[in-house]
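The values are calculated or read from the model by the stated rules, or taken from the named source; none is laboratory data. These numbers were taken from a predicted model, which means no experiment stands behind them. Note that we place each Cβ from the backbone using ideal geometry, even for glycine, and neighbour counts take in every protein chain shown.
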Amino acid sequence: MLQKYDPRNKDILIYVKDELVPRDEAKVSVFDSVVQGGDAVWEGLRVYNGGVFCLDRHLERLQHSAKAMAFTQVPTSEEITEKLFETLKANDMYDDTHIRLTLTRGEKTTSGMDPRLNAFGPTLIIVPEWKPPVYDNESGIRLITSTIRRNSPMHVDSKIHHNNLINNILAKIQANVAGVDAALMLDAYGFASELNGTNIFMVRKGELFTPHADACLHGITRGLVIELARKAGIPCIEKNISLTELYNADMVFCTGTMGELTPIVEIDGREINQERSVFTQLLALFEEIKGKYCIPIS
């Protein structure tokens, strides 16, 4: 499912390093670490009705990722929030907005991978766009299983929300070639991990299952769905899930900031059952708590 360009985004202001600039002037140096080696961390956030959804959780994950990557001179969550709100207010964005927030290791004194060449501190980039959720939570999406495996902690720990997304992009290319919406990525043992851009859940006999967050990102929406399920008395179990289990589930869906909660209707040509009672309950709970988890733009 291809995202569409919104003409309202033509004249947006983007925060780069120390200033707000028009979209056409938003640039980073060719010596920036994100250009040199994808050396950056990022978060995708959404704005609902005057507030940024789960902002505290996203910024905590950003800080943890930056620490794991040994960034120095990292701005505080309070400093990032100030610049984020400044950017949103400058664009008059208070709803129906998606934000791509990136923190690079910063510019280098000369080309090279050694972090000791980064003498200027991190570069903060805030890209807000008018953008509704990318998927439809009614019609659902179709998947294929990718041959590209998700990283394990033995390689690049998937709990670092870094900008080196090549394996995800390769998986998405396979989905595009197959004519479906997204790719399911397996872990090194052949169990389901996550989609190329979202987490995955399965419903079976009234119980909710999701893969261990070993080779997948510990998604913000994923964690929230687990919390909502347990509070609602829906058993939620993290376990290894095989493709056979997914093919025969009562319901499969994915979660993420860009897609919220989205049904999966087909995997590898197998039609997935659509017993949606648990999904419908969780979707209603998610819609109900959106406002409570938003930090007002001030």
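From the list HIS58, HIS98, the one residue that fits, being under 30 Å from ARG142 (Cβ atoms) and assigned to a strand (DSSP E or B), is HIS98. If the condition is being touching a strand residue (DSSP E or B) at 6+ places or on another chain (Cβ under 7 Å) and in a loop (DSSP other than H, G, I, E, B), then region 197-237 contributes GLY197, THR198, PRO211, HIS212, ALA215, CYS216, LEU217, GLY219, ILE234, PRO235.
Condition test on LEU246, is it hydrophobic (A, V, I, L, M, F, W, C) and either within 19 Å of THR147 (Cβ to Cβ) or surrounded by fewer than 22 Cβ atoms within 10 Å (Cβ to Cβ) (or both)? So that I can check it myself, show each step before the final result.
Details: hydrophobic (A, V, I, L, M, F, W, C): yes; either within 19 Å of THR147 (Cβ to Cβ) or surrounded by fewer than 22 Cβ atoms within 10 Å (Cβ to Cβ) (or both): yes.
Judged against the criteria, LEU246 is a match.
A search for C-beta distances below 9 Å between a residue of region 52-73 that is more than 19 Å from GLY291 (Cβ to Cβ) and any residue that is modelled with pLDDT of 95 or more and aromatic (Phe, Trp, Tyr), counting only pairs 6+ apart in sequence or on different chains, returns LEU62/TRP42; SER65/TRP42; SER65/PHE71.
Just to be sure, is SER158 of a type outside the set (Lys, Arg), more than 24 Å from ARG270 (Cα to Cα) and not assigned by TED's automatic domain parsing to the domain that holds ALA66?
Numbers: of a type outside the set (Lys, Arg): yes; more than 24 Å from ARG270 (Cα to Cα): yes; not assigned by TED's automatic domain parsing to the domain that holds ALA66: yes.
Answer is yes for this residue.
Scanning region 175-195 for residues that are surrounded by 18 or more Cβ atoms within 10 Å (Cβ to Cβ) and either more than 23 Å from ASP157 (Cβ to Cβ) or of a type in the set (Lys, Arg) (or both) gives ALA175, VAL180, ASP181. Screening GLU194 with (1) out of contact with any helix residue (DSSP H, G or I) (no Cβ under 8 Å at 6 or more places or on another chain); (2) not in a strand (DSSP E or B) gives one miss only, at (2). With respect to the stated conditions, THR280 fails to be more than 24 Å from the chain's Cα centre (by Cα) and surrounded by fewer than 18 Cβ atoms within 10 Å (Cβ to Cβ).
For residues that are outside any strand (DSSP E or B) and touching a residue at least 60 places away in the same chain (Cβ under 8 Å), scanning just region 283-298, find the one that is surrounded by the most Cβ atoms within 10 Å (Cβ to Cβ). Steps first, answer last, please.
Pass one, region 283-298, residues outside any strand (DSSP E or B): 283-293, 297-298.
Next, only the ones that are touching a residue at least 60 places away in the same chain (Cβ under 8 Å) stay: 283, 286, 289-291, 293, 297-298.
Values: LEU283: 20, PHE286: 18, ILE289: 15, LYS290: 15, GLY291: 13, TYR293: 17, ILE297: 18, SER298: 9.
Across region 283-298, the extreme among qualifying residues is LEU283.
In the set (1) without any contact (Cβ under 8 Å) to a residue 24 or more places away in the chain; (2) within 25 Å of ILE12 (Cβ to Cβ), the condition left unmet by ARG116 is number (2).
Kindly indicate whether ARG222 is in contact with a Ser or Thr (Cβ under 6 Å, 6 or more places away or on another chain), among the basic types (Lys, Arg) and at negative phi.
On the way: in contact with a Ser or Thr (Cβ under 6 Å, 6 or more places away or on another chain): yes; among the basic types (Lys, Arg): yes; at negative phi: yes.
Yes: the conditions hold for ARG222.
Okay, residues lined up against (1) within 23 Å of ASP18 (Cβ to Cβ); (2) in the same structural domain as ASP268 (by TED's automatic domain parsing):
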position: THR76; (1), (2): yes, no
position: ASN91; (1), (2): yes, no
position: MET113; (1), (2): no, no
position: LEU117; (1), (2): yes, no
position: ASN164; (1), (2): no, yes
